[in-house]
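These notes are about the structure you will find just below.
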Amino acid sequence: MFVLHIALQGCLKGVDVEYGLTADTGGHIRYLLDLTRAIAGRDAMSRAVIATRCFDGFGKTYETPRETVMPGVEIVRIASADPHYLPKEAMHREVESFAENLMAFIEAEGRPDLIHAHYADAARVAAIVKERLGIPFFFTAHSLGRVKEEALRASGRECHGMAERIEAEETALREASLLIASSRDEAEVQYASYLGYDAGRIRILPPGSDLEAYANAEPSPSVDAELARFLLVPDKPVVLAIARPVPRKNLAALVKAFGENPALRKRANLVIVAGNRADIADLDGDMAETMRELLLLIDRYDLYGTVAYPKHHDPQDVPAYYAYARERGGIFVNPALNEPFGLTLLEASAAGLPIVATDSGGPNDIVETCGNGLLVDPHDHSAITEAILRILSDAHLRKRLSKSGARVAAAYDWRRHAERYDELVRDVLSPARSVATPRRLLISDIDNTLVGCLEGIRIFGDWRRKQDDLAFGVATGRSFHSAMAILEQENAPRPQVMITSVGSEVYHLDRSGVTYTADDRWRAIVARAWERDRAQDALEGLSCIRPQAPLEQRAFKLSYFSDGRPDTVRLVRERLERAGVRASVIHSHGRYLDILPLRASKGTAVDHVRRHYGLAESAVYVAGDSGNDIEMLRTIPQAIIVANHSDGLPNLPDLKHSYVSRRTHAEGIIEGVRHFQALARNACKPAS
Ligand code: GLC
Ligand code: MG
């Protein structure tokens, strides 16, 4: 396999990268080197070339045409029109000339199987090469123009070169075979404002990270001594935060949580490691203001002796801070208003600390995958306090959360990343065809139906491969990417149809066999008469429900947690009725409450998919395990309830027609399909 990576920005080299040498010599270089090394380490026959710009002014290295990183990985420096170093804002002018020279390189050196463009301007180069030579490409944005633009606008600063960057990202959305994102936040929120956005075209592949230093974190005398200067009772459990002092990191919320809750103050010390400073007045704009606010709050609540905010630390001290907290049964907290990825959460977990993290951004993925902490609404101080106190006072929970560190290292490992990357490349290059004109359709719920038993999934995968007239799909309360993540994690077969967000979205597998396209017709159907804002306003202030995390909110799904009391659903319905809002209210697991457009549900979506394939009702099977499957099981004659069901499904009068399998999970699905097949065969037999 020959993959040609394109990365035009910064001072890129194979060893001793001078991060920070220019504003663009940043994390994407580390990512590229780690990625290509991991892939070469997996497959000695693979070849990776990183094509970057050749420029003068920064020494010989950046003018050298070729550099070997390791066997199988090479950096190639290609000239563009301008011979000098250029910042990313000026890079769009080099796209054409770079592409020409890159194609000459390809002509001379052989055709790559795939191109992988890193960052917006590289996508434009890749699109030109694709048009001329037909080579498909992947795209990794690393960071998105629209997000940056919004942040700059919000802080009243000017933004240059953004229009070109955003346009290039749109090009990637149109032309790339696959877009790679590092978190659900990127895939589902950040990309969502682009014209060419389709969630199904994006796949989440979080970067690996080197957590060894954290897994082996040991206390250090210098860190102990530093903290002893602040803390009167240094052996209390520690609530630790490590973040730059900028408003987005929301450190003030943590100080307020402490200041306002005497129980928490008594229980624990607070340690805030917020960068380095000589004189606060000399810190960059935002940071000075944030530090002042923190000090003011510490004084206001009189937290002296219980909060530490060291003035200096070296990078190698960081693991020791985690170790300090771990030794004292502490917790790591990241209360950021939004956290795009959440590297510190991985570090803290690897060091053996339970975490409390913002429910906005990347931490959702981390906590969902690893089960290493609790998510909280960063705007809600009391929720932060509650989560911290819960972990501090429940030794069992604390132990479970801190033991997830090993899982973190495995999930965010470059080897694992390389393995999945390789699979995606192979799939794109030689797609497995889906069943274009199926004669039967099987739609299964995901959690506790399709997944939940690894062996069952393996058996299901083998069985599924042999059903060549059967289209297989899933129907779930999860969003597209949340569903994709669990399916991949559990090695489930790739569904041909994905009904997500409780039936409010439908995706079809593309001919590529890897990406999906949202079903626009379904979208138009559910959109009719849907008044999301009005529904939200109508439920404002209702105390028996509280909103789920921002990531769970979708264009056609408004989700809350309910207090599980019997009259909660009634209260919600009354509120909506009184406001004249027509919507369906679905309550499941005694805890989730989804407000959906009237036409959206797992059942109506299954019916839409059935029509899409032109199948009769008798050709459809559905399988589920719990409350949010009732509606789908109710409306489809060949309904399967797996043995590990909950919510009393088999006893519901509406589900009398269902087959309750003896086997659990995925094996129960196979059993159910066989049952209905046998019934159908018997019905066809002529009466004797
Ligand atoms: C999934 C979704 C959640 C929804 C629930 C029930 O857990 O993530 O938003 O409320 O399913 O449908
Ligand atoms: Mg389920």
Distant-in-sequence amide H partners of L114 (H built 1.01 Å from N, under 5 Å)
F2, L4
Spelling out what I want: for every residue of the stretch 253-263, take phi, set θ = phi - 60°, compute 6.51 cos²θ - 1.76 cosθ + 1.60 (Karplus), and round to whole Hz; glycine and proline get x.
4, 5, 5, 5, 4, 5, x, 8, 10, x, 4
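Classify the stretch 56-149 from the C-alpha gyration tensor, please: rounded if a/c falls under 1.5, else prolate or oblate depending on whether a/b exceeds b/c.
rounded
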Report the local net charge at Y191: Lys and Arg +1, Asp and Glu -1, summed over other residues whose C-beta lies under 11 Å from its C-beta.
-3
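About the Cα centre of the chain, how large is the charge dipole given +1 on each Lys and Arg Cβ and -1 on each Asp and Glu Cβ? Please answer in debye to the nearest 20.
I would put it at about 2340 debye.
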Take the alpha carbon gyration tensor of the stretch 565-616, find the square roots of its eigenvalues, order them as a ≥ b ≥ c, and report rounded if a/c is under 1.5; if not, report prolate when a/b exceeds b/c, else oblate.
oblate
I'd like the distance between the alpha-carbon centres of the stretch 586-611 and the stretch 1-77, rounded to an integer number of Å.
48
Summing +1 per Lys or Arg and -1 per Asp or Glu among the other residues with Cβ less than 12 Å from L558's Cβ gives -2
From the residues A643, L615, G627, which one has its Cα farthest along the dipole of the stretch 609-672 in the positive direction, the dipole being from +1 and -1 charges on Cβ of Lys/Arg and Asp/Glu about the Cα centre?
L615
Charged-residue dipole, Cβ positions (Lys, Arg, Asp, Glu), the stretch 130-219 about Cα centre, Debye nearest 20
280
Between V356 and residues 5 or more places away or on another chain, which pairs have amide H atoms under 5 Å apart, with H built 1.01 Å from N, and which residues are they?
F332, V333, N334, L374
Judged on accessible area alone, 1.4 Å probe, highest first, S618, S177 line up as S618, S177
Taking the Cα centre of the stretch 600-688 as the origin, how large is its charge dipole in debye, to the nearest 20, when only Lys and Arg (+1) and Asp and Glu (-1) carry charge on their Cβ atoms?
380
Can you pull the accessible area of L343 for me, 1.4 Å probe, Å² to the nearest 10?
80
Average accessible area per residue (Å²) across the chain - probe 1.4 Å, nucleic acids and ligands excluded
43
Rounded to the nearest percent, how much of the accessible area of the stretch 559-654 (1.4 Å probe, protein heavy atoms only) is carbon and sulfur?
47
Once all protein chains are kept in place, T515 shows an accessible area at probe 1.4 Å, nearest 10 Å², of 10
Rounded, prolate or oblate: which fits the chain, taking a ≥ b ≥ c as square roots of the Cα gyration tensor eigenvalues, rounded meaning a/c under 1.5, else prolate when a/b beats b/c?
oblate
³J(HN,Hα) across the stretch 602-615 via Karplus (A = 6.51, B = -1.76, C = 1.60, θ = phi - 60°), whole Hz, x for Gly/Pro?
4, x, 5, 5, 4, 5, 4, 5, 4, 5, 3, 8, x, 9
Net charge, G352 excluded, C-beta distance under 15 Å - Lys, Arg +1, Asp, Glu -1
+3
Residue by residue through the stretch 450-458, what is 3J(HN,Hα) from phi via Karplus (6.51 cos²θ - 1.76 cosθ + 1.60, θ = phi - 60°)? Round to whole Hz and write x for glycine and proline.
5, 10, x, 9, 4, 5, x, 5, 4
For the stretch 416-557, which whole percent of the accessible surface, found with a 1.4 angstrom probe, sits on carbon and sulfur atoms?
47
Taking the stretch 1-110, which GluC sites (Glu not before Pro) meet the DSSP loop condition and have no more than 15 other C-beta atoms within 10 Å?
E18
Would you pull out the residues with amide H under 5 Å of L8's amide H, same chain only if 5 or more places away, H placed 1.01 Å from N?
A122
Selection from V73, G20, T52 lying farthest towards where the dipole of the stretch 2-105 points positive, charges on Cβ:
V73
For the chain, share of DSSP beta bridges that run antiparallel, in % to the nearest 5
30
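The values are calculated or read from the model by the stated rules, or taken from the named source; none is laboratory data. These figures come from a predicted structure and were not determined experimentally. Glycine also receives a Cβ, built like all others from the backbone with ideal geometry; neighbour counts cover every protein chain displayed. All accessible areas refer to the heavy atoms of the entire protein, side chains included, with ligands and DNA or RNA removed. Shrake-Rupley method; radii C 1.70, N 1.55, O 1.52, S 1.80 Å.
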